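The values are calculated or read from the model by the stated rules, or taken from the named source; none is laboratory data. What you are looking at is a predicted structure, and each value in this text was computed from that prediction instead of being measured. No Cβ is skipped: glycine too gets one built from the backbone with ideal geometry, and neighbour counts run over all protein chains shown. Accessible surface is based on the protein model in full, side chains and every heavy atom, while ligands, DNA and RNA are left aside. Shrake-Rupley method; radii C 1.70, N 1.55, O 1.52, S 1.80 Å.
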Amino acid sequence: KHYFVIRRNKGWQIINSEGESVTVKKYSFMSVLKPNRILVRSDKRYGVIDLSEKTVIPVKYQKFSEVSDGIFLTKLNGYWGVLDIDNNVLLENDCERIKPLYDTLVIKRYGKYGLMRVDGKLLYEPKFDKIKRMGEYILLKDINDSKTAALKLIDLLKGLNVDKPRNLAKSVTVE
């Protein structure tokens, strides 16, 4: 069978190949994420349903955006977190900010920055004052240490050498 997501009568719904609606509720927005997974918005909240309208990810998030295949940034009660397509929590909604940086995410918690891969593996706890990309490096700045550590981006993406970042000269400034 084939199913389609359409906008009809000021609402979004799923219809089958015969044109019959298979959703009971009308949503203010719908988008197919992958077969049998549909992003929906209702009452200014986002979540994910399947074709039978069963809830996969509860419709409760203020913001919902895909950062990688099947990995989503979510905002709940003003805080950011990370989920996968099956509602597995990769990072609780307790971050002030999350910013994608290639296949990593810069996370901000309690005013400090950390780094995690999009698959949920935490590379660095939020303890840095700044994390910034500079060419092929990611710079990690800790003002208490007065040093700037650098990671080769390619090594980071491969999961290599993340335990011992290279220290750079004190003259390197990260803003």
Quiz prompt | Enumeration of residues in the range 91-107 that are open to solvent by 50 Å² or more (accessible area, probe 1.4 Å) and either in a strand (DSSP E or B) or within 25 Å of N144 (Cβ to Cβ) (or both) | solution = E92, D94, E96, R97, K99, P100
Quiz item: Could you count how many residues in the range 21-76 are open to solvent by less than 60 Å² (accessible area, probe 1.4 Å), under 25 Å from D94 (Cβ atoms) and either small (G, A, S) or without any contact (Cβ under 8 Å) to a residue 40 or more places away in the chain (or both)?
Solution: 20
Quiz item: For the range 23-80, which strands (runs of 3 or more DSSP E) that fit wholly inside it have 2 or more residues that are among the hydroxyl-bearing types (S, T, Y) and within 21 Å of G120 (Cα to Cα)?
Solution: 63-68
